[in-house]
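Data first, discussion second: the structure below is written as structure tokens.
FYI, it's all coordinate maths here, none of it is from the lab. These figures come from a predicted structure and were not determined experimentally. Neighbour counts run over all protein chains shown; Cβ positions are idealised from the backbone, glycine included.
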Ligand SMILES: [Fe+2]
């Protein structure tokens, strides 16, 4: 009896649902974002976009590399509409793996500067980050460290700390040096710099800043925003104190990396994905992403005093595409030099 009631009830509700007329414009538009940008503050920018367009943003976050693996595994069944990744090698690898699709957008072409976008129009940069050196003036003579190549100087024996080879940030830096200085000069730089490393290779940029501060070494290479965040107190008071004991040295010109986005190959909400990408790359959107994370927007410099104190930088104008192309050679040279 109970079961019969249930069956009748579900049949009735089904009929009810089928008879309801849903006006077309009330069907919610949405865009599903797979993001390798692990910053909570991005949500504020998505919210702004939703308010302006009525398109709901559904966020699926994951670390960069596993995100690419996941998309490859999911193939045509992937839910992803828009893919956001950090680092030149990651976004160019995603394009190479056929995970993105070519799109036409006048506003993206206008808002994203040359060198920071794909010639096949599969991805566009959204924010910029500078790979800088962080030094402890009590351990090393900071006046003698002006460029990444200075870290190969024999006077820094035992005083250099580096993040491990797996970090795409370092792979892109090495790719950058290959483009700027050629393969043999890059090899010589790597050999010299790696022979100056005495610590085991570090798992992340933050641990390098801490090690430099604690005089475990004298100088390391990190993305500028990690130091900025520590100084700003984002990671707590102890890290602020650590960061305060260090000096940021910005090479001029500097290696500039990006976070970027592209529409997923099998996006079901392609138009919505393009709209969101356009919003994120617009001056308002790019600033919205970059300001709270201490990154740089696409066209301006982050106006936060902490970041401004790191000094002005000039990009060395190496294109993101070129960085991607030199990625495998960079990894090979790092391996050969003993960068673990
Ligand atoms: Fe990062």
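Table for the structure above
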item: q = 0.12, 0.13, 0.14 Å⁻¹: log10 I(q)/I(0) that the Debye formula gives for the chain, counting C-alpha atoms only; result: -0.84, -0.97, -1.10
item: Residue 30/residue 70 FRET efficiency (R0 25 Å; Cβ-Cβ; nearest 0.05); result: 0.80
item: Diffusion constant of the range 185-340 at 10 °C, which comes from Stokes-Einstein with the Kirkwood Cα-pair radius and 1.306 mPa s, µm²/s; result: 88
item: For 39, 226, order by how many other beta-carbon atoms lie within 10 Å, fewest first; result: 39, 226
item: Quarter of Cα convex hull surface for the range 47-203, i.e. mean projection, nm²; result: 12.7
item: Contour excess over end-to-end distance, with Cα ends at residue 184 and residue 114 and 0.36 nm allotted per residue; result: 22.4 nm
item: Whole-angstrom Cα spans of the range 136-211 along principal axes, big to small; result: 33, 26, 18
item: Candidates 32, 214, 326, ranked by Gaussian network fluctuation over the chain, Cα under 10 Å, top entry; result: 214
item: DSSP bridge pairs, the chain: antiparallel proportion in percent, nearest 5; result: 60
item: Sites residue 191 and residue 97, calculated FRET efficiency, Cβ-Cβ separation with R0 30 Å, nearest 0.05; result: 0.40
item: Within a Gaussian network of the chain (alpha carbon springs, distance under 10 Å), most fluctuating of 218, 115, 54; result: 54
item: Helix-only mean residue ellipticity at 222 nm for the chain, each DSSP H run of n ≥ 4 adding -39500 (n - 2.57), per residue, nearest 500; result: -13500 deg cm²/dmol
item: Extension reserve of the residue 40-residue 336 stretch, reckoned as 0.36 nm per residue once the Cα distance is removed; result: 102.8 nm
item: Contour minus Cα-Cα distance for residue 60 and residue 146 (0.36 nm per residue); result: 27.0 nm
item: Spin-label proximity, residue 252 to the range 139-153 - amide N less than 16 Å from point 7 Å beyond Cα toward beta carbon; result: 143-148
item: Within a Gaussian network of the chain (alpha carbon springs, distance under 10 Å), most fluctuating of 94, 291, 273; result: 291
item: Separation of alpha-carbon centers, the range 234-263 and the range 163-204, rounded to whole Å; result: 18
